[in-house]
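J.: Once you've had a glance at the structure underneath, I'll fire off some questions.
Bear in mind these aren't lab numbers, they're just calculated from the coordinates by the rules spelled out. This one's a predicted model, so the numbers in the text were calculated from it and none came from an experiment. Cβ atoms come from the backbone with ideal geometry, glycine included; neighbour counts cover every protein chain shown.
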Amino acid sequence: MPNKATVEFRKLAGRDVYQLVEFFLEVKRDQLDKFFHPHQFNKATAKHISEYSGEDFYCAAWRGSSIVGYGMLRGWDEGYKTPTLGVVVSNNQQGKGLGQQLTEFLIKQARFMGAKSIRLKVYTKNTPAHRLYKKLGFKFEPFGPGEQLGHIHLE
């Protein structure tokens, strides 16, 4: 059995639906969807993602049997060559480096899947996320009111 302090990163699978539902409830309860809202955070979405088998990539960070972070690379299903990265981390795990670890895991996964670059959107008010993405090498440009578009080249 893994050490509870150990974090495991892995692609989501059908067996993960109940933990993903619990994490999505936490996202809503703690209003983490204020800065991260790529889809609905409900049971139907959790079921769809845990059973997903397309080109996009959905994963979770686990501590023991609980999901403490969720991430994605999407856009390939719609025909885009550059995936969009998204990450959300539990409130009680923020500020401990988990967001960086999850983002680095997704960058490695994007390389493995053949992506030449990654994009993301970040709210300018989301200072910790903006600082993290900049530290990891993302370059930014204005996107919309209160938002920036970030890009990183993987070659």
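J.: Give me the Debye-computed log₁₀ of I(q)/I(0) at q = 0.16 Å⁻¹ for the chain, equal point scatterers on Cα only, no solvent, two decimals.
T.: For the chain, the Cα-only Debye profile gives -0.90.
J.: Using the Karplus curve 6.51 cos²θ - 1.76 cosθ + 1.60 with θ = phi - 60°, work out ³J(HN,Hα) for each residue of the stretch 11-23 in order, rounded to whole Hz, and write x for Gly and Pro.
T.: Running phi through 6.51 cos²θ - 1.76 cosθ + 1.60 with θ = phi - 60° gives 4, 6, 9, x, 5, 9, 4, 5, 5, 5, 4, 4, 5 Hz.
J.: Can you tell me which of Tyr52, Tyr70, Tyr133 moves the most in a GNM of the chain? Springs connect C-alpha atoms under 10 Å apart.
T.: Maximum among the listed residues: Tyr52.
J.: Just for the stretch 57-155, what percent of DSSP beta bridges are antiparallel, to the closest 5?
T.: Percent antiparallel among DSSP bridges in the stretch 57-155 is about 95.
J.: Report, in debye and to the nearest 20, how large the dipole of the chain comes out about its Cα centre when Lys and Arg carry +1 and Asp and Glu carry -1 on their Cβ.
T.: With Lys and Arg at +1 and Asp and Glu at -1, about 400 debye.
J.: Now for a separate question. Compute from the Cα atoms of the stretch 15-68 the Rg and the Dmax, the latter being the longest Cα-Cα distance, and quote both in angstrom.
T.: In order Rg, Dmax, the Cα atoms of the stretch 15-68 give 10.9, 30 Å.
J.: Can you put Thr127, Thr84, Thr45, Thr103 in order, fewest other beta carbons within 10 Å first?
T.: Thr127, Thr45, Thr84, Thr103
J.: Apply the Karplus curve 6.51 cos²θ - 1.76 cosθ + 1.60, θ = phi - 60°, to the phi angles in the stretch 102-112 and return the couplings in whole Hz, x for Gly and Pro.
T.: Taking θ as phi minus 60°, the curve returns 5, 5, 5, 4, 5, 5, 4, 5, 4, 4, 4 Hz for the stretch 102-112.
J.: Based on the alpha carbons, how large is the Rg to Rh ratio for the stretch 93-155 when Rh follows Kirkwood?
T.: Computed over Cα atoms, the ratio is 0.98.
J.: HN-Hα J couplings of the stretch 125-138 from phi, Karplus 6.51/-1.76/1.60, θ = phi - 60°, integer Hz, Gly and Pro as x?
T.: 3J(HN,Hα) across the stretch 125-138, in whole Hz: 6, 8, 4, x, 5, 4, 4, 4, 4, 5, 4, 7, x, 6.
J.: Still on this model: Hey, if you put +1 on the Cβ of every Lys and Arg and -1 on every Asp and Glu Cβ in the stretch 7-115, which of Phe23, Asn91, Phe112 ends up farthest toward the positive end of that dipole?
T.: Positive-most Cα among the choices belongs to Asn91.
J.: Sort 56-66, 12-22, 140-150 by the packing proxy (mean of other Cβ within 10 Å over each peptide's residues), most packed first.
T.: The peptides rank, most packed first, as 56-66, 12-22, 140-150.
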